[in-house]
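Take a look at the structure below.
The values are calculated or read from the model by the stated rules, or taken from the named source; none is laboratory data. Here the structure is a predicted model, which means the values were calculated and not measured. Virtual Cβ from ideal backbone geometry, glycine too; neighbours counted across all protein chains shown. Quick note on the areas: whole protein, heavy atoms, side chains included, nothing else; ligands and nucleic acids left out. Shrake-Rupley method; radii C 1.70, N 1.55, O 1.52, S 1.80 Å.
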Amino acid sequence: MQRLSAVKGMNDILPDDSWRWEWLEGRVRALMRRHAYENIRTPIVEPTALFVRGLGEVTDIVEKEMYSFEDRLNGEALTLRPENTAGVVRAVVEHSLTYGGGKRLYYFGPMFRHERPQRGRYRQFHQIGAEAFGYAGAELDAELILMAQALWSELGLTDVELQINSLGQPAERLQHRAALISYFEQHIEALDEEAKQRLHKNPLRLLDSKNPQMQSVIENAPKLIDYLSAESMAHFERVQGILRANKVPFRINPRLVRGLDYYNLTVFEFVTTRLGAQGTICAGGRYDYLTEQIGGKPTPAVGWAMGMERVLELLKESDAFVSRPSLDAYAVVTDAAHWGVAMQCLQALRALGVSVQMHAGADGAIGSLKSQIKRADASGARFALIFGGDEVARGEVSVKSLRDGEGQQKTCLMSDTMSLATTLRNQSDQHV
Ligand code: ATP
Ligand code: MG
């Protein structure tokens, strides 16, 4: 039979890597708890209309990156979520989560975009996202930025640059839009085909273009910041003030417009130069009008999403990164008849937080003690627990050190699980 493989651009995350994912997830969960963000889990499939309405029709995602299909049974138009802000907003509206106040939420999970696979860019990738609903103040924008910044510090990621910009309010964008269109019309010969097509539909997106031939014309285009009202500027300045007060360095990037339609006022990205072209590890902004767009009551909101693959890639090179959690013990028996007693002891140890692998012979037989100890060594465990005939008869177990002080062996009472657990547990393991 022909072997099947995973879909292009969609990766298996194998044990040699998945422990890093679990580690990062643990760190993020703790970070969210400390900032009072609660977890939300929404479906991976949503109605296509949610993304078309939410993200905007003239966006890369909606135009060409969505995995959309028709439900074979009822003909419904469905899409694998390409991002999760729209889904979270839908859930917030559907369940009236902001009733009586604001709501701070976070999520983890896979997203799907039909892009050209390359380093840091996949068709199934994973995001961690945080969204805060019901607060219009600039301090919320700052809180989200500070929260991401706290994560970089905790992870030991140093060369990450914060870029910020303000997109103002819809009316201000409209004026800027008119100015952009007339500017680009005057430079029509410098535009590529895609840009020409988008010029009248969504000219702001031209500023996002990565085409090197268009960079100089983009550089001189009218800047949105010059069209902002006093109120919008005040909001932007308040965000900056809080960042400065918290000693978070940033750069204002007037070309930062973000790929999605739903943003207003503050937008930001955390960018590193260490991942080649795929350098944005976290991106977000305010989206005060999305909730209405999706059929809810007007609700101010702000959020970000970070790409887990990209963060993990950075972490791999970082010195601060923790080592893989090790196995405490590997249990072997000299006679399969001892497993009944031995497994009682293992379960008691596990209940006390000790990690123990039980030896399992490939062919159902246990094999010689020597070959079992070899397996114990290969497992990476720090100790072998040996349930031999004499020991078991006395209610004891031998503890053999496989790493520090290799070969040292002592016997312990099986019934004294507390002291046995203390011997075996790795105090320095900070695996969450
Ligand atoms: P890019 O400009 O790299 O295409 P984007 O603006 O499309 O990014 P967002 O929609 O803002 O990305 O998603 C937030 C984050 O999710 C990105 O900053 C990135 O870290 C990550 N991300 C987005 N698309 C992918 C992908 N195809 N593969 C891996 N990570 C991704
Ligand atoms: Mg993209």
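The residues in segment 57-92 that are more than 16 Å from ligand 2 (Cβ to nearest atom) and either within 18 Å of ALA305 (Cα to Cα) or of a type in the set (Gly, Ala, Ser) (or both) can be counted, and the count is 9.
Grab the helices (runs of 4 or more DSSP H) fully contained in segment 331-396, keeping just those with 1 or more residues being in contact with a Gly (Cβ under 8 Å, 6 or more places away or on another chain) and among the aromatic types (Phe, Trp, Tyr).
The helices (runs of 4 or more DSSP H) meeting that bar number zero.
GLU131 passes every criterion in (1) more than 15 Å from ligand 2 (Cβ to nearest atom); (2) in a strand (DSSP E or B); (3) closer than 22 Å to ARG274 by Cα apart from (3).
Within segment 45-56, identify whether any single residue is within 16 Å of ligand 2 (Cβ to nearest atom) and either free of Cβ contacts under 8 Å to residues at least 24 places away in the same chain or in contact with a strand residue (DSSP E or B) (Cβ under 9 Å, 6 or more places away or on another chain) (or both), and answer yes or no. Scanning segment 45-56, I find at least one residue that is within 16 Å of ligand 2 (Cβ to nearest atom) and either free of Cβ contacts under 8 Å to residues at least 24 places away in the same chain or in contact with a strand residue (DSSP E or B) (Cβ under 9 Å, 6 or more places away or on another chain) (or both), so the answer is yes.
Listed by first and then second residue, the pairs linking a residue in segment 362-374 that is within 20 Å of GLY389 (Cβ to Cβ) to a residue that is modelled with pLDDT of 90 or more and not small (Gly, Ala, Ser), with Cβ atoms under 6 Å apart and 6 or more places separating them unless they lie on different chains, are LEU369/THR334; GLN372/VAL332; GLN372/HIS359.
When the residues of segment 58-74 are filtered to those that are part of a loop (DSSP other than H, G, I, E, B) and open to solvent by less than 40 Å² (accessible area, probe 1.4 Å), which remaining residue is modelled with the lowest pLDDT? It comes out as VAL58.
Taking the criterion of being of a type in the set (Gly, Ala, Ser) and away from ligand 1 (no atom under 16 Å from the Cβ), would at least one residue in segment 31-38 satisfy it?
As a first pass, look at segment 31-38 and keep what is of a type in the set (Gly, Ala, Ser): 36.
Now restrict to residues that are away from ligand 1 (no atom under 16 Å from the Cβ): 36.
Yes; the residues of segment 31-38 include at least one that is of a type in the set (Gly, Ala, Ser) and away from ligand 1 (no atom under 16 Å from the Cβ).
Residues in segment 256-294 that are among the polar types (S, T, N, Q), under 24 Å from HIS176 (Cβ atoms) and within 16 Å of ligand 2 (Cβ to nearest atom): THR280 alone. Answer yes or no: is there a residue in segment 75-88 that is of a type outside the set (Ser, Thr, Tyr), open to solvent by 30 Å² or more (accessible area, probe 1.4 Å) and within 16 Å of ligand 1 (Cβ to nearest atom). Within segment 75-88, one or more residues are of a type outside the set (Ser, Thr, Tyr), open to solvent by 30 Å² or more (accessible area, probe 1.4 Å) and within 16 Å of ligand 1 (Cβ to nearest atom).
Going by the structure shown, is GLU115 surrounded by fewer than 19 Cβ atoms within 10 Å (Cβ to Cβ) and within 16 Å of ligand 1 (Cβ to nearest atom)? It is true that GLU115 is surrounded by fewer than 19 Cβ atoms within 10 Å (Cβ to Cβ) and within 16 Å of ligand 1 (Cβ to nearest atom). Filter segment 126-182 down to the residues that are without any contact (Cβ under 8 Å) to a residue 60 or more places away in the chain and either in contact with a His (Cβ under 6 Å, 6 or more places away or on another chain) or hydrophobic (A, V, I, L, M, F, W, C) (or both) and list them by number. Selection gives ALA171, LEU174, ALA178, ALA179, LEU180, ILE181. Inspection of segment 264-272 finds no residue satisfying the criterion of being open to solvent by 20 Å² or more (accessible area, probe 1.4 Å) and in a loop (DSSP other than H, G, I, E, B). Within segment 127-139, being more than 8 Å from ligand 1 (Cβ to nearest atom), of a type outside the set (D, E, K, R) and open to solvent by 10 Å² or more (accessible area, probe 1.4 Å) holds for GLY134, TYR135, ALA136, GLY137. Of all residues in segment 97-114, those being more than 16 Å from ligand 2 (Cβ to nearest atom), of a type in the set (Phe, Trp, Tyr) and modelled with pLDDT of 95 or more number 3.
Of SER153, SER96, which residue is assigned to a loop (DSSP other than H, G, I, E, B) and out of contact with any helix residue (DSSP H, G or I) (no Cβ under 9 Å at 6 or more places or on another chain)? Spell out how you get there, then give the answer.
Working: SER153 fails: assigned to a loop (DSSP other than H, G, I, E, B).
Exactly one of SER153, SER96 is assigned to a loop (DSSP other than H, G, I, E, B) and out of contact with any helix residue (DSSP H, G or I) (no Cβ under 9 Å at 6 or more places or on another chain), namely SER96.
Suppose the filter is within 26 Å of THR98 (Cβ to Cβ), modelled with pLDDT under 95 and open to solvent by less than 20 Å² (accessible area, probe 1.4 Å); does LEU55 pass it? If you could, list the steps in order and put the result at the bottom.
Numbers: within 26 Å of THR98 (Cβ to Cβ): yes; modelled with pLDDT under 95: yes; open to solvent by less than 20 Å² (accessible area, probe 1.4 Å): yes.
The answer is yes for LEU55.
Beta carbons closer than 9 Å, at least 6 apart along the sequence or on distinct chains, pair a first residue in segment 285-308 that is β-branched (Val, Ile, Thr) with a second that is within 16 Å of ligand 2 (Cβ to nearest atom) and at pLDDT 95 or above for ILE294/ALA86; VAL302/GLY284; VAL302/GLY285.
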